[in-house]
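Student: For reference, the structure I am asking about is given below.
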Amino acid sequence: MGLAATLETIRKTIEDVKKNSPLASPHPLIMGASKGQDASRILEAVDAGLSCFGENRVQEAEAKFPAIRERFPGVRLHLIGPLQTNKVRQAVALFDAIQTVDRARLADALKEEMAKTGRTVPCFIQVNTGKEPQKAGVAPEEAEALAAHCLAIGLPVAGLMCVPPHGQPPAPHFAMLREMARTLGLAELSMGMSDDYEAALRMGSTCIRLGRILFGERPPASGKDAA
Ligand SMILES: *Cc1c(COP(=O)(O)O)cnc(C)c1O
């Protein structure tokens, strides 16, 4: 299936889920997870009607997106990979949302940079719902304290994000994230990838992050990333 046809199928799934699932969000965002994809492939997706992309690495995003956004200023870019504090300045300048805030020190650095530049970038707290040691994200039991810290320093937090463990049913993780967001009074739920986006939509996802289903299988990653 071509990219445009796939996107059509996904849009149809969204409509079907909305009819059958009371928790479904009315207008979930479809994000193209474009790590490893070159600019021509991303432009193909823009042509097919996709306007939001997620990148895992600041450097890769910086190499690809300024030229794309020069041509298509409506294109939005989210960071969905781990952020080091020494890249906060670049990240705040480049991204329209940062979905991977997982520690107070990073929140502090982001707030400081936003205050300095006057640029406000909505953030998500990434929660390691499966408590996997190798995975980024704050532990579920520490999420509330991190959210309180963000609130105290005035960091704009829009919602929560998670990547459930491989090989486990994802629904309990989505349900956990949903419940945490409700408790914290946060509206956005970034959850659902190629293999589980339908389950995430049923649980109220407001942002599905799709890589392989849109772009095809990736070549093996050369280094580590969030997934
Ligand atoms: C790569 C990636 C995705 C997309 O994963 P697919 O399984 O290819 O859809 C989503 N979220 C994050 C954080 C990723 O790193």
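Every number in this text was worked out from the coordinates using simple rules, so none of it is lab data. Predicted model only: the values in this text are computed from it and were never measured. Here the Cβ is made from the backbone with ideal geometry for all residues, glycine too, and neighbour counts use every protein chain on show.
Student: Among the numbered conditions (1) within 28 Å of Glu15 (Cβ to Cβ); (2) touching a strand residue (DSSP E or B) at 6+ places or on another chain (Cβ under 7 Å); (3) in contact (Cβ under 8 Å) with a residue 40 or more places away in the chain, tell me where Met203 comes up short.
Tutor: (2)
Student: Just to confirm my filter: which helices (runs of 4 or more DSSP H) fall fully inside the stretch 129-227 and include at least 1 residues that are away from the ligand (no atom under 16 Å from the Cβ)? Spell out the reasoning first.
Tutor: On the way: elements: 140-153, 171-184, 197-202, 212-215.
The qualifying helices (runs of 4 or more DSSP H) are 140-153, 171-184, 197-202.
Student: Within the stretch 152-168, does at least one residue satisfy the condition of being within 23 Å of Arg41 (Cα to Cα), of a type in the set (Val, Ile, Thr) and either surrounded by fewer than 20 Cβ atoms within 10 Å (Cβ to Cβ) or in contact with a Ser or Thr (Cβ under 9 Å, 6 or more places away or on another chain) (or both)?
Tutor: no
Student: Taking the condition of being in contact with a Leu (Cβ under 7 Å, 6 or more places away or on another chain), under 10 Å from Ala48 (Cα atoms) and among the aliphatic types (A, V, I, L, M), how many residues in the stretch 1-19 meet it?
Tutor: 2
Student: Looking only at residues that are among the basic types (Lys, Arg) and under 21 Å from Gln134 (Cα atoms) in the stretch 88-105, which one is farthest from the ligand (Cβ to nearest atom)?
Tutor: As a first pass, look at the stretch 88-105 and keep what is among the basic types (Lys, Arg): 89, 103, 105.
Still in the list and also under 21 Å from Gln134 (Cα atoms): 103, 105.
Values: Arg103: 17, Arg105: 21 Å.
Going through the qualifying residues, I end up with Arg105.
Student: Could you pull out the residue among Thr100, Thr120, Thr85, Thr129 that is touching a residue at least 60 places away in the same chain (Cβ under 8 Å) and hydroxyl-bearing (Ser, Thr, Tyr)? Outline the logic, then answer.
Tutor: On the way: Thr120 fails: touching a residue at least 60 places away in the same chain (Cβ under 8 Å); Thr85 fails: touching a residue at least 60 places away in the same chain (Cβ under 8 Å); Thr129 fails: touching a residue at least 60 places away in the same chain (Cβ under 8 Å).
None of the other options fit; the residue is Thr100.
Student: For Thr6, state whether it is under 23 Å from Ala181 (Cβ atoms) and in contact (Cβ under 8 Å) with a residue 60 or more places away in the chain. Talk me through it step by step, then tell me what you get.
Tutor: Working: under 23 Å from Ala181 (Cβ atoms): no; in contact (Cβ under 8 Å) with a residue 60 or more places away in the chain: yes.
It is false that Thr6 is under 23 Å from Ala181 (Cβ atoms) and in contact (Cβ under 8 Å) with a residue 60 or more places away in the chain.
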